[in-house]
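Below: one structure, written as structure tokens.
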């Protein structure tokens, strides 16, 4: 398991430790992979001066220390059950100098089958998601702000710091897959824009996000544009409705132009009790913006019109990229061309409903130096010309077959 200590915002002593927990639960390799996934993008952004080390790097120790503590308790409890042992669990230090407090009370075992069944039921009821790797201790920080208190309704029902759900969605007329297939890029934050049917009030809210958040001076331009953000627009519509959605049929012409220029369109075509909107707990009348970290854990969520909340979140740990903002603002003609190919309609609303959205045939040639979201084409095979490597459909690797740390350290 990787262990790091930070002093004066510097990484001072990385080492690889042997297990200090039992093998039960298969936590050894899994924990190390999660360590690399948690640390890699943070270290990469800070090395390239794209994030603030004082806000970003300490979160690795905070998040992974409490995870390691739970690994020791969980696997230890399981081992004691197998060995019929009543030895007490280890006392572990928390985030400060004090010992961590936790409630591990489980049904008493008396040697009977009934007692064992009760014990296992309680143990797996408490730890099932943790054992599967989709639950971790949530630690509030700059990258995981607290949930609003006292609010009658939150934008989504998924907690900040939880694993982002991965529902099945539609990419085109003949291609369905999972949402994670559009959430690629080991140095990028994924902005999931839930727009319901993209009509009426929810359209107005999404338009405000598009104009304020993605326009000149918005967080998108200031913090790195496409090289830092992967925008995925999830709509309750079908592929043949693309052109109509982004025309003036349901609102003002060009009100969603910037969103169309920069977003990947995903169709949420499943039934209402299993679609992406349901998995994230979206209010169809309001929509939502979900910020998912590069390691696929939820950072925060906001109402689409609350662009300031999203801006404050990224300003808390990212460094503004003035040069990138100027570059983005000067690429209007190029962006229009990309939008037209995607069928979303560019700044002039001239999309034709074809291209990447509908395309499920052919081979996609990927250039590592290209940061456009148009690289993520749902084809059967994608060839990376810079590495001569071929990846199967659905792969999450878009920076060649490097280790997680190597990939994240190559942040552009």
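The values are calculated or read from the model by the stated rules, or taken from the named source; none is laboratory data. Being a predicted model, the structure only gives us computed values, none of them experimental. Ideal geometry is used to build each Cβ from the backbone, glycine not excepted, and the neighbour counts take in all protein chains shown.
What about residue 63, is it assigned to a helix (DSSP H, G or I), closer than 30 Å to residue 317 by Cα and at pLDDT 85 or above? In short, yes.
On the stretch given as region 184-202, residues that are more than 17 Å from residue 275 (Cα to Cα) and either surrounded by fewer than 21 Cβ atoms within 10 Å (Cβ to Cβ) or not assigned by TED's automatic domain parsing to the domain that holds residue 298 (or both) total 4.
The number of residues in region 223-236 that are over 20 Å from the mean Cα position of the chain (by Cα) and in a helix (DSSP H, G or I) comes to 0. Restricting attention to region 179-196, the residues that are more than 30 Å from residue 48 (Cβ to Cβ) and within 16 Å of the chain's Cα centre (by Cα) add up to 1.
Name the single residue that is surrounded by the most Cβ atoms within 10 Å (Cβ to Cβ) among those in region 46-60 being closer than 13 Å to residue 320 by Cβ and touching a strand residue (DSSP E or B) at 6+ places or on another chain (Cβ under 7 Å).
Step one: filter region 46-60 for residues closer than 13 Å to residue 320 by Cβ, giving 49-52.
Adding the requirement that they be touching a strand residue (DSSP E or B) at 6+ places or on another chain (Cβ under 7 Å) leaves 50-51.
Details: 50: 22, 51: 25.
Filtering first and then ranking leaves 51.
Residue-by-condition table, conditions (1) out of contact with any strand residue (DSSP E or B) (no Cβ under 8 Å at 6 or more places or on another chain); (2) crowded, with 19+ Cβ neighbours inside 10 Å; (3) not in a helix (DSSP H, G or I):
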{"site": "44", "(1), (2), (3)": "yes, yes, no"}
{"site": "74", "(1), (2), (3)": "yes, yes, no"}
{"site": "80", "(1), (2), (3)": "yes, no, no"}
{"site": "84", "(1), (2), (3)": "yes, no, yes"}
{"site": "102", "(1), (2), (3)": "yes, no, yes"}
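Kindly establish whether residue 233 is modelled with pLDDT of 95 or more, farther than 21 Å from residue 257 by Cβ and in contact with a helix residue (DSSP H, G or I) (Cβ under 7 Å, 6 or more places away or on another chain). Against the criterion (modelled with pLDDT of 95 or more, farther than 21 Å from residue 257 by Cβ and in contact with a helix residue (DSSP H, G or I) (Cβ under 7 Å, 6 or more places away or on another chain)), residue 233 does not qualify.
Return the residues of region 281-316 that are within 18 Å of residue 226 (Cα to Cα) and in a helix (DSSP H, G or I); say none if nothing qualifies. Within region 281-316, 307, 310, 311, 313, 314, 315 qualify. The criterion of at least 3 residues that are more than 21 Å from residue 34 (Cα to Cα), without any contact (Cβ under 8 Å) to a residue 24 or more places away in the chain and touching a strand residue (DSSP E or B) at 6+ places or on another chain (Cβ under 6 Å) is met by none of the strands (runs of 3 or more DSSP E) wholly inside region 109-213.
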